[in-house]
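Colleague: One structure, pasted below without further comment.
The values are calculated or read from the model by the stated rules, or taken from the named source; none is laboratory data. Treat the numbers as computed from the prediction; the structure is a model and nothing was measured. All Cβ positions, even for glycine, are placed from backbone atoms using ideal geometry, and neighbour counts span all protein chains on display. Protein only, heavy atoms only, side chains kept; ligands, DNA and RNA dropped before computing areas. Shrake-Rupley method; radii C 1.70, N 1.55, O 1.52, S 1.80 Å.
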Amino acid sequence: MIDPYAADVAAVQHMPEIEAMLEDVCRATGMGFAAVARVTADRWIACQILDKIEFGLKPGDELKIKTTICDEIRESGRRVYIDHVSGNEAWRRHHTPAMYGFESYISIPIFLADGSFFGTLCAIDPAPSEVSLADLVPLFEQYAAEIAVRLDQIRIEIRA
């Protein structure tokens, strides 16, 4: 059986600008891992990865959806950013940072033109963020919007 999300992973993989975006995300945040993920109610699939911390994922790999904060972002439609998990009352006991060992986290939803949720642009690092991630939200939102536009273009091209 063909994986219905393989086309989404392939589409992101074939966007040359994604690599530069992920490099910029890591540079701006000081984080060592950035990704574009396809997120559904039951799946978290890595589409494109920049991994300088040896997190161990590659494109096409999956995480159990309920172990991710991206699942919560899919449900709420809202971004999440955490400068220092251990120093944040709301996040220090959350299962995801404990499971994956990160102290800093940012994730922005990617919405397609029809309003549907595609996934997230996210970054993590085992060290607390040295910059205010709140200040970087506009950059992440710009990149998420650019990714959505390209995905919409690719989907239109495929249908044509």
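Colleague: Which one of these is in contact with a helix residue (DSSP H, G or I) (Cβ under 9 Å, 6 or more places away or on another chain) and farther than 21 Å from Glu72 by Cα: Leu151, Leu112? Please lay out each step first, then the result.
Modeller: Values: Leu112 fails: farther than 21 Å from Glu72 by Cα.
Going through Leu151, Leu112 in turn, the sole match is Leu151.
Colleague: Still on this model: Considering only the stretch 1-41, state which residues are over 20 Å from Val149 (Cα atoms), charged (D, E, K, R) and under 16 Å from the mean Cα position of the chain (by Cα).
Modeller: Selection gives Arg27 alone.
Colleague: Within the set of pairs 6+ apart or on separate chains, which have a first residue in the stretch 142-153 that is at pLDDT 95 or above, a second that is β-branched (Val, Ile, Thr) and surrounded by 16 or more Cβ atoms within 10 Å (Cβ to Cβ), and C-beta atoms under 6 Å apart?
Modeller: Matching pairs, first to second residue: Ala144/Ile108; Ala144/Ile110; Ile147/Ile110; Ala148/Ile110.
Colleague: I want to confirm something. Restricting to the stretch 79-115 and keeping residues that are open to solvent by 50 Å² or more (accessible area, probe 1.4 Å) and part of a strand (DSSP E or B), which single residue is farthest from Gly30 (Cα to Cα)?
Modeller: Phe111
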